[in-house]
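Inspection log for the structure reproduced underneath, given as structure tokens.
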Amino acid sequence: MARKRVGVLALQGDFEAHIKAVNAAGGEGFEVRSIQELATADALILPGGESTTMGYLLKRFGLDTAIRAFEKPIWGTCAGMILLASRITEGEKRGGQPLLGLMDMGVARNAFGRQRDSFEADLDSPLGRVHGVFIRAPYVSEWGPAVEPLARYEDKVVLVRQKNWLASAFHPELTEDTTLHRAFLEST
Ligand code: GLN
């Protein structure tokens, strides 16, 4: 069977680590910077980075509209999770940055406090046990009935799914653990 072509949005952020992880999980990762490149993808990853910057760049290149119309699986990690959300409930730039708004959820940005700006954790989820790195991570602070919480860190929801959209507050691509990349590929 042909390897699934997974586009990774490459406007900003840690897209290279995701491409390596997609390849290690048996897919074919490639960089997406244009509507034309997006059109050749079987699935899309929105990486971590700076959601404010990525949101403005998406608009500038017309990719925001193209991603909203993309009917294939999308997975957002960290800043990518923020972009998939429809609202920001707490933290920086509450309500004031461009979002894709695909998922019926609100997120709190940079929400784990200063001493925990960066940490690692193992999380149990229906997709398997996953190891994640949290870097100035958000969490899902509210969600509608279509959104399924899949994992929590302490009491905070950090992995969710709605239809074929997946969002994680953490970065599995910065570890050797390809569990979520494999699960994402299986959903394509
Ligand atoms: N704090 C960043 C933001 O709000 C996300 C951090 C990350 O992607 N590692 O966009």
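Order these by the 10 Å Cβ neighbour count, fewest first: Ile82, Ile35. All intermediate terms of the calculation are to be shown ahead of the outcome.
Details: Ile82 29, Ile35 15.
So the ranking, lowest neighbour count to highest, is Ile35, Ile82.
Hey, which aspartates and glutamates would be in cross-link range of Lys20, C-alpha to C-alpha under 14 Å, not counting anything within fewer than 8 residues on its own chain?
Within reach: Glu28, Glu31, Glu173, Glu176, Asp177.
Can you give me the C-alpha center-to-center distance between the stretch 1-58 and the stretch 138-160, rounded to a whole angstrom?
Value for the Cα centre distance between the two parts: 23 Å.
On a straight-distance basis, which lysines could pair with Lys72 in a cross-link, Cα separation under 18 angstrom, same-chain partners fewer than 8 positions away excluded?
Candidates past the 8-residue exclusion: Lys4, Lys163.
For the stretch 117-188, what is Rg from Cα atoms divided by 2.2 N^0.38 Å, rounded to two decimals? Don't jump to the answer; show the numbers that get you there.
Values: Rg = 11.6 Å, N = 72, 2.2 N^0.38 = 11.2 Å.
Relative to the rule-of-thumb radius for its length, the stretch 117-188 sits at 1.04.
Arranged by the count of other C-beta atoms within 10 angstrom, fewest first, what order do Ile19, Ile45, Ile135 take? Don't skip to the answer; put the middle values down first.
Details: Ile19 22, Ile45 27, Ile135 19.
Ascending number of Cβ neighbours within 10 Å: Ile135, Ile19, Ile45.
Any idea what the relative contact order of the stretch 88-188 is, in percent, if you count C-alpha pairs under 8 Å spaced at least 6 apart?
On the way: 180 pairs, mean separation 23.6, N = 101.
Reported relative contact order: 23 percent.
Answer with one residue from Val133, Asn164, Ala121: the one whose Cα lies farthest towards the positive end of the charge dipole of the stretch 114-177, charges on Cβ with Lys, Arg +1 and Asp, Glu -1.
Of the candidates, Asn164 comes out farthest on the positive side.
So what are the three principal axis dimensions of the chain from its Cα atoms, in whole Å, longest to shortest?
42, 35, 30
May I ask for the longest run of the chain untouched by GluC sites (Glu not before Pro) that are loop-located per DSSP and have at most 10 neighbouring C-beta atoms (other than their own) within 10 Å?
It runs 72-153.
In debye, nearest 20, what is the charge dipole magnitude of the chain about its Cα centre with +1 on Lys and Arg Cβ and -1 on Asp and Glu Cβ, if you could check? Could the numbers behind the result be given before it?
Working: 22 positive and 24 negative charges, 92 e Å.
Dipole about the Cα centre, nearest 20: 440 debye.
For the stretch 23-114, which trypsin sites (Lys or Arg not before Pro) are in a loop by DSSP, counting at most 16 other Cβ atoms within 10 Å? Working shown, then result.
Numbers: sites: Arg33, Lys59, Arg60, Arg68, Arg87, Lys93, Arg94, Arg109, Arg114; in loops: Arg33, Lys93, Arg94, Arg109.
Passing both the DSSP loop test and the Cβ count: Arg33, Lys93, Arg94.
At 222 nm, what value in deg cm²/dmol follows for the chain if DSSP H runs of at least 4 each add -39500 (n - 2.57) and the sum is divided by all its residues, to the nearest 500?
Working: 6 runs with 45 residues, N = 188.
Theoretical 222 nm ellipticity from helices: -6000 deg cm²/dmol.
I need to check one value: relative contact order of the stretch 1-129, counting alpha carbon pairs closer than 8 Å and at least 6 residues apart, in percent. Write down the numbers at each step before the final one.
Numbers: 213 pairs, mean separation 24.7, N = 129.
Over the stretch 1-129, the number comes to 19 percent.
Laboratory data are not the source of any read-out in this text; all were calculated from the coordinates shown. Bear in mind the structure is a predicted one, so any value in this text is a computation, not a measurement. Positions of Cβ are backbone-derived with ideal geometry, glycine not excepted, and every protein chain shown enters the neighbour counts.
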